[in-house]
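The values are calculated or read from the model by the stated rules, or taken from the named source; none is laboratory data. In this text the structure is predicted, and so the values were computed from the model without any measurement. Glycine also receives a Cβ, built like all others from the backbone with ideal geometry; neighbour counts cover every protein chain displayed.
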Number of protein chains: 2
Amino acid sequence: MQNLNIVPFVSVDNMMKLVLHVGVERVLTDLAACIEADFRRWESFDKTPRVASHSEVGVIELMPTSDGALYGFKYVNGHPRNIRAGLQTVTAFGLLAEVETGYPVLLTEMTILTALRTAAMSALAAKHLAPQGATTMAMIGNGAQAEFQALAFAAVCGVTHVRLHDIDPAATAKCQRNLAGSGLRVTPCRTAEEAMEGAQIVTTCTADKNHATILTDNMVGAGVHINAVGGDCPGKTELHRDILLRASIFVEYPPQTRIEGEIQQLPADHPVTELWQVITGAAKGRSDARQITLFDSVGFAIEDFSALRYIHDQLKAHPYSEPLDMIADPDDPRDLYGMLLRAKAKAA
Amino acid sequence: MQNLNIVPFVSVDNMMKLVLHVGVERVLTDLAACIEADFRRWESFDKTPRVASHSEVGVIELMPTSDGALYGFKYVNGHPRNIRAGLQTVTAFGLLAEVETGYPVLLTEMTILTALRTAAMSALAAKHLAPQGATTMAMIGNGAQAEFQALAFAAVCGVTHVRLHDIDPAATAKCQRNLAGSGLRVTPCRTAEEAMEGAQIVTTCTADKNHATILTDNMVGAGVHINAVGGDCPGKTELHRDILLRASIFVEYPPQTRIEGEIQQLPADHPVTELWQVITGAAKGRSDARQITLFDSVGFAIEDFSALRYIHDQLKAHPYSEPLDMIADPDDPRDLYGMLLRAKAKAA
């Protein structure tokens with residue numbers, strides 16, 4: 001048994017080492033499998049919409065969940081203007097604890113891990129919803145999430161060609177450069193319309209905190225699967241409302257998506273399908289080739305839980321962590337003050 | 001400016017060093033002053049009841065709040081049976097972040113810090129509610145919180161005599177031993193009734209997760225101030241209902257206390273006074289010498305926020321922290337994947 005006061009901590013540096021050691025594509029595939037397994041047992045989780053603290057410039061959120069044996073939560077912020085100051089739009093860390101004792105068993109950076117699990121989640125949804133044989137994806141918004149999305153769709157869904165567009169050509173160039181050795185065919189496009197030519201899957205992942213219209217109705221042809229990632233908090237959407245009215249909409253957790261997702265534009269009783277039910281077979285996914293399917297992704301706590309337990313498992317074989325003296329552990333648990341006194345005596 | 005990826009972390013060891021360096025009594029007095037200052041500006045805080053995940057053996061909670069400039073939250077568990085396995089009943093850690101960017105500025109152990117802030121909060125409430133000239137406190141429940149309570153009441157309220165009782169005499173002996181050099185007169189008592197003889201203040205702080213009756217109505221005389229610390233989650237209370245009906249009840253945040261405090265035994269509309277209003281002068285505290293005042297303490301997020309900003313301030317003069325590589329910081333914030341690629345190139 002580890003020392004009771006010690007919590008294994010995965011720093012940013014160690015997360016990169018772990019991911020590179022296992023391989024990015026392998027991590028994405030594993031994460032999609034972990035999320036799929038947890039979505040299959042959806043009903044065994046404690047679920048609550050994330051706890052958000054909004055300000056004018058962004059949001060800070062806590063996303064807790066538990067399966068009765070483990071408890072996990074993520075701290076994550078979303079600050080679209082951060083980028084102007086050279087900061088990340090989204091940063092995150094997370095924690096896993098034993099329900100039995102309440103003691104933490106893992107603290108980890110989750111900025112990189114969230115990028116990975118978000119992409120894995122998108123690809124998992126597309127595996128169940130995209131048209132058969134889809135090989136081309138339009139990627140609109142080429143920021144921090146773009147490469148992860150491209151690699152996840154390649155690894156999980158067999159996508160071989162990504163068509164990139166961003167209002168900032170430098171972002172597209174960065175994404176193209178980073179994907180150069182990936183085996184994917186990469187086509188930079190000057191407009192969103194151009195990016196969507198021949199694409200069976202359209203991923204939108206832009207960062208402005210307002211009601212943007214990245215896609216208009218006339219841009220979306222029959223049979224397309226839309227993976228809408230960027231509309232993920234109140235007041236932030238990417239799709240024109242008319243697209244939503246034509247699409248079959250799939251969501252993670254309706255009480256949260258109705259507040260944060262694209263469907264915040266629709267009446268609260270607009271029909272949506274919960275993705276976990278598609279995965280278990282309780283609900284239908286794509287039913288015909290001309291159907292427009294939309295995964296209105298906002299990110300849910302169970303996905304972070306899956307990612308946390310994956311990292312916790314990986315550490316057994318690949319111990320890329322450091323010990324953190326985070327839990328007070330007096331010899332007698334009732335003698336917390338005595339621990340202070342003994343530290344004083346020792347220092348004297 | 002600190003490196004963007006680095007979050008200062010206060011380990012258990014460093015927290016002890018910091019507290020001992022400043023002095024326990026001084027920390028308790030400072031914390032009471034910080035909490036008082038934050039309670040005075042109560043209306044400027046974002047408030048929400050804590051987010052609890054209950055299981056059969058305990059609870060894991062997240063307690064977030066924000067004053068618009070800083071955001072803080074605490075992770076805390078409560079597992080009464082932990083003590084049988086040699087574990088702490090309550091362990092905690094916390095985080096402070098900038099609202100402007102969402103970036104964390106402090107991660108700290110909070111098991112010791114929670115013990116300190118809980119005691120400081122109790123003493124602050126008593127400063128406003130206890131009868132004038134109170135010098136003797138009965139301390140029922142002599143576990144991990146007991147010494148902190150005794151020292152806080154000495155430092156903040158001028159208590160000079162504590163009368164200890166616990167169903168386990170070993171806990172009382174431990175508490176007496178630890179308080180030996182404190183300057184307090186300490187009297188161990190075989191029963192709760194004996195402990196209450198001559199006491200103007202009664203603190204109850206026991207840990208069983210059920211409806212216990214630590215105090216019955218006939219034990220409580222006129223003019224006493226009751227500081228009820230241990231009744232702090234649904235199904236866990238310490239006082240007989242009849243005491244509540246005779247007392248003027250003061251609480252931190254009613255929506256939370258009605259669920260978790262002693263007043264969970266009363267109808268939802270039973271009148272209570274918010275302590276912050278007593279502190280600002282908007283509401284009356286103790287109004288006569290025979291009144292029974294009850295501080296129904298459950299612990300609120302703002303108190304943790306006060307403690308977090310206090311530690312954050314103290315680190316400027318006493319840098320008992322270590323740097324934690326917790327926030328991914330690519331050169332270009334949109335190039336998170338590129339950071340991975342560069343780490344790979346560097347390792348090769």
_Selection from segment B:130-156 of residues that are more than 11 Å from every other protein chain (Cβ to nearest Cβ), touching a strand residue (DSSP E or B) at 6+ places or on another chain (Cβ under 8 Å), buried (at least 24 other Cβ atoms within 10 Å of the Cβ) and not in a loop (DSSP other than H, G, I, E, B)_ = B:137, B:138, B:139, B:140, B:153
*Residue pairs meeting the criteria (Cβ under 8 Å; at least 6 apart or on separate chains; first without any contact (Cβ under 8 Å) to a residue 60 or more places away in the chain, in segment A:105-134; second assigned to a helix (DSSP H, G or I))*: A:115/A:148; A:115/B:336; A:115/B:337
*Could you list all residues from segment A:316-334 that are facing chain B (nearest Cβ under 7 Å) and among the small types (Gly, Ala, Ser)?*
A:328
*Within segment B:98-109, tally of residues that are assigned to a strand (DSSP E or B) and facing chain A (nearest Cβ under 7 Å)*: 1
*When you look at residue A:19, is it over 15 Å from the mean Cα position of the chain (by Cα), of a type in the set (Val, Ile, Thr), assigned by TED's automatic domain parsing to the domain that holds residue A:333 and under 25 Å from residue A:150 (Cβ atoms), yes or no?*
yes
*asked:* Looking only at segment B:287-318, filter to residues that are touching a His at 6+ places or on another chain (Cβ under 9 Å) and crowded, with 24+ Cβ neighbours inside 10 Å; which one of those is nearest to residue B:257 (Cα to Cα)?
replied: B:295
*Given the structure, is residue B:44 among the hydroxyl-bearing types (Ser, Thr, Tyr), touching an Asp or Glu at 6+ places or on another chain (Cβ under 8 Å) and within 25 Å of residue A:102 (Cβ to Cβ)?*
no
*Members of segment B:226-247 found to be in contact with a strand residue (DSSP E or B) (Cβ under 6 Å, 6 or more places away or on another chain), closer than 22 Å to residue B:61 by Cβ and among the small types (Gly, Ala, Ser), listed by number*: B:228, B:230, B:231
*Take segment B:172-207 and flag every residue that is surrounded by 15 or more Cβ atoms within 10 Å (Cβ to Cβ) and assigned to a loop (DSSP other than H, G, I, E, B).*
B:179, B:182, B:184, B:189, B:196, B:199, B:200, B:205, B:206, B:207
*Among the residues of segment A:208-228 satisfying the criterion of being in a loop (DSSP other than H, G, I, E, B) and β-branched (Val, Ile, Thr), which is nearest to residue A:289 (Cα to Cα)?*
A:224
*asked:* Give me the residue from segment B:25-71 that is within 29 Å of residue A:344 (Cβ to Cβ) and more than 15 Å from the chain's Cα centre (by Cα) and, out of that set, surrounded by the most Cβ atoms within 10 Å (Cβ to Cβ).
replied: B:25
*If we only count strands (runs of 3 or more DSSP E) wholly inside segment A:229-334, which ones have 2 or more residues that are closer than 28 Å to residue A:200 by Cβ and not assigned by TED's automatic domain parsing to the domain that holds residue A:66?*
A:237-239, A:248-251, A:293-296
*Hits in segment B:335-348 - residues which are in a loop (DSSP other than H, G, I, E, B) and within 7 Å of chain A (Cβ to nearest Cβ)*: B:335
*asked:* If residue A:117 meets every condition in (1) of a type in the set (Lys, Arg); (2) surrounded by fewer than 24 Cβ atoms within 10 Å (Cβ to Cβ); (3) within 14 Å of chain B (Cβ to nearest Cβ) apart from one, which number is that one?
replied: (2)
*Applying the selection to segment B:328-348, what residues are surrounded by fewer than 22 Cβ atoms within 10 Å (Cβ to Cβ) and touching a residue at least 40 places away in the same chain (Cβ under 8 Å)?*
B:329
*Identify all residues within segment B:157-171 that are surrounded by 24 or more Cβ atoms within 10 Å (Cβ to Cβ) and part of a loop (DSSP other than H, G, I, E, B); write none if there are none.*
B:159, B:166
*Residue match in segment A:90-97 (condition: more than 20 Å from residue B:110 (Cβ to Cβ), without any contact (Cβ under 8 Å) to a residue 24 or more places away in the chain and surrounded by fewer than 24 Cβ atoms within 10 Å (Cβ to Cβ))*: no
_Looking only at segment B:147-176, how many residues end up being touching an Asp or Glu at 6+ places or on another chain (Cβ under 8 Å) and not hydroxyl-bearing (Ser, Thr, Tyr)?_
7
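Identify the residue in segment A:157-171 that is of a type in the set (Gly, Ala, Ser) and more than 24 Å from residue A:286 (Cα to Cα) and, among all such residues, is farthest from the other protein chains (Cβ to nearest Cβ).
A:170
So that you can scan it fast, the table gives a plain yes or no per residue for (1) at pLDDT below 95; (2) of a type outside the set (Asp, Glu):
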site	(1), (2)
B:25	no, no
B:29	no, yes
B:39	no, yes
B:50	yes, yes
B:75	no, yes
B:99	no, yes
B:106	no, yes
